[in-house]
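The values are calculated or read from the model by the stated rules, or taken from the named source; none is laboratory data. All values reported here derive from a predicted model rather than from experimental measurement. Here the Cβ positions follow ideal geometry from the backbone for every residue, glycine too, while neighbour counts run over all protein chains shown.
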Amino acid sequence: MKTKSLLIILVMLLFLTAAFIPANISAEEYNGTRPTKEHLYINETNVKDLVTEGVLKGSGTPEDPYVLENYVLYGPVLPALWIVNVSNIVIRNVVISPGKNESNWGRTGITIQNASNVVIEDVTISYMMQGIIAYNVHGLKVNKISTVVNPDMGYAIQLFNCTEVEIKSVDVLSGHVLLVDGTKKENFDVKVEDVYKSDPKDPTIKYPYLYFFSRDSVILSPGELTKDIERIYGGMFVAFSGRVILDGVYFYDDVIVVNSESLGVWNTGIRDARFGIMAKNVPSVGVYSSWIYNAIYGIYVENSDSVNVKSCIINYTSWGVFLINANSFNVSNNYIRRSTSNAVYIDHSGNGTITHNLILNVGSYGIWLSKGTENVSITWNNIYMVGRISELTTGYGADYGRNNSWDHNFYGPMVPSGPYNVTGSAKSCDKHPLNDPIPILRVSFGKNTFVLRESALFVGVEVITVNDTTNDIEALRNFTVTIYGKKYSTPENSTIITTYVERQGDALTVRYGSQELIIPLPEKISKRSYRIAAYVLLGAGIALLVTGVYMNRQQKKKGRK
């Protein structure tokens, strides 16, 4: 087996880049050779008039569809092209932008409602908040599309209650790729081919987007011989499938899993997403020793019977961990930094544990328990520097549920002199707040360690805490842990233990003092039996914090360069 190494910084150099957003496209680039329209609205009432005026061609039948082509469309406030109750229409060779001399993002490129047999091809959408949004469309073909949409909230394509959709040859240069929702299984049966997300620094480098529907299983575990550049995905969507396993893979966009049997994530990195990881209607969800950087939601789970988030790094989000209707959950041993709203937000969930997390630099409340949340234990956490990012009302914790217990947490730097009364109608109280920060045990895996297929795991163990002088994290030196009952110590003056361990059973167990961290492991499968869904990932591995190197968030651009 080749020598494997841990990544010692938060992310490798390839991810230390600002988002690339191409220049706006306007009618001037076509030297007046194309007609222009602002907010072109097509419905069943005016469609014949638009044919008479020469804006559209065709008669609107399947054999002779309406055709809109060679236009430049502007949409500064409303959708540039808005189609309602019109079927059998082709949009071809169209350029869409906010408008001449517009300095802000436009609204939406194309919105389609209640239509059938719609073709969109050879279309460029530039500097719009959203690309293409389709509601209740049957028979939609999208081909040869290039989009630059808002990097925070924008999607190239959004589908709501659509059927028989084909998406092919799409380049997403900015923003997110695809969002699909609906009330029926058939709404998620989308054919996706040759869809790519561009590298934020170099748009000539493109990462493939993955879409899986109705699969027995989806397993991504590339192997140590896979090239680094071949280990990056431009996002992923999985619907109505069996188990989903991500093992040592990396994404430049959302990882969304809906209506599937289970989701297990190990040693995986995600950045520049709206939903770092989203799992909806997935009974069992586990995210272990992974990292998420620069997302609206770090980990979002809705409607699940079991959720585990352990030993992860979640950096620069609005909400770090966001759970809705989780019947049982464990959020432990994570480092969650710079969440502008809440590091942990729990809504209508119960029977949970939030423990041994290091929560630092939060804009609003560190931990928020919403109405309907009950029987949650919040113990032995560091909640530090709350309210330094935003002007919102702030506090270390808020509790609007019932029967939740807060105990032995460290709140700083304004350490309570007595019991800490938690904000909220539950009137919870931490009667034993700690005077000093708590050491937090973390475990990471090596760059080329794939827990699904290997018996010997290369692990890194560190113990981190808050430095009350520098107001930042600090890695402890000269400590000892036990792994599977065997003692391991750091080299002299080192802050990390790195070693190979032979996996024993279905979990990796590490102890530091009275603190125990159990990382469940997937059932090991042979090389012949595992299936690789695709071969792309950043050869970065999960970051360790020991060097104290952290990325400064590059401000997302709200306007144009």
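Exactly one residue out of Lys201, Lys197 is surrounded by fewer than 17 Cβ atoms within 10 Å (Cβ to Cβ), touching a residue at least 24 places away in the same chain (Cβ under 8 Å) and basic (Lys, Arg), and it is Lys201. Screening segment 279-349 for strands (runs of 3 or more DSSP E) wholly inside it with 1 or more residues that are within 16 Å of the chain's Cα centre (by Cα) returns the ranges 284-288, 291-304, 306-310, 313-326, 335-347.
Listed by first and then second residue, the pairs with beta-carbon distance under 6 Å, at least 6 apart or on different chains, first residue in segment 210-224 and under 16 Å from Val180 (Cβ atoms), second charged (D, E, K, R), are Phe213/Asp189. Show the residue pairs meeting these rules: Cβ distance below 6 Å; 6+ apart or different chains; first residue within segment 507-533 and closer than 19 Å to Glu462 by Cα and surrounded by 12 or more Cβ atoms within 10 Å (Cβ to Cβ); second residue charged (D, E, K, R) and at pLDDT below 95. As it stands, the answer is none, since no pair meets every condition given. Of the residues in segment 454-472, at least one is modelled with pLDDT of 95 or more, surrounded by fewer than 19 Cβ atoms within 10 Å (Cβ to Cβ), on the phi < 0 side of the Ramachandran plot and of a type outside the set (Lys, Arg).
Give the residues of segment 43-55 that are part of a loop (DSSP other than H, G, I, E, B), closer than 14 Å to Trp82 by Cβ and not acidic (Asp, Glu), sorted by residue number. Show your work before the answer.
Of all residues in segment 43-55, those part of a loop (DSSP other than H, G, I, E, B) come to 44-46, 53-55.
Those still in the list that are closer than 14 Å to Trp82 by Cβ too: 44-46, 55.
Listed by number, the residues that qualify are Thr45, Asn46, Val55.
Among all positions in segment 222-232, there is at least one residue which is within 30 Å of Leu457 (Cβ to Cβ), buried (at least 21 other Cβ atoms within 10 Å of the Cβ), at pLDDT below 95 and of a type in the set (A, V, I, L, M). Are there any pairs with C-beta distances below 9 angstrom linking a residue in segment 82-100 that is in contact (Cβ under 8 Å) with a residue 24 or more places away in the chain and closer than 14 Å to Tyr135 by Cβ to a residue that is among the polar types (S, T, N, Q) and in a loop (DSSP other than H, G, I, E, B), with the two at least 6 apart or on different chains, and if so which? Filtered contacts from segment 82-100: Asn85/Thr45. A count restricted to segment 402-455 and to residues that are among the small types (Gly, Ala, Ser), farther than 30 Å from Ala507 by Cβ, touching a residue at least 24 places away in the same chain (Cβ under 8 Å) and part of a loop (DSSP other than H, G, I, E, B) stands at 4. Within segment 204-221, the residues that satisfy the criterion of being part of a loop (DSSP other than H, G, I, E, B) and crowded, with 17+ Cβ neighbours inside 10 Å are Tyr209, Arg215, Ser221. Just a yes or no: is a residue in segment 98-120 surrounded by fewer than 23 Cβ atoms within 10 Å (Cβ to Cβ), acidic (Asp, Glu) and modelled with pLDDT under 95? The answer is yes; a qualifying residue exists. Taking strands (runs of 3 or more DSSP E) as the structural unit, those lying wholly within segment 85-162 and holding at least 2 residues that are of a type in the set (Ser, Thr, Tyr) correspond to 106-149.
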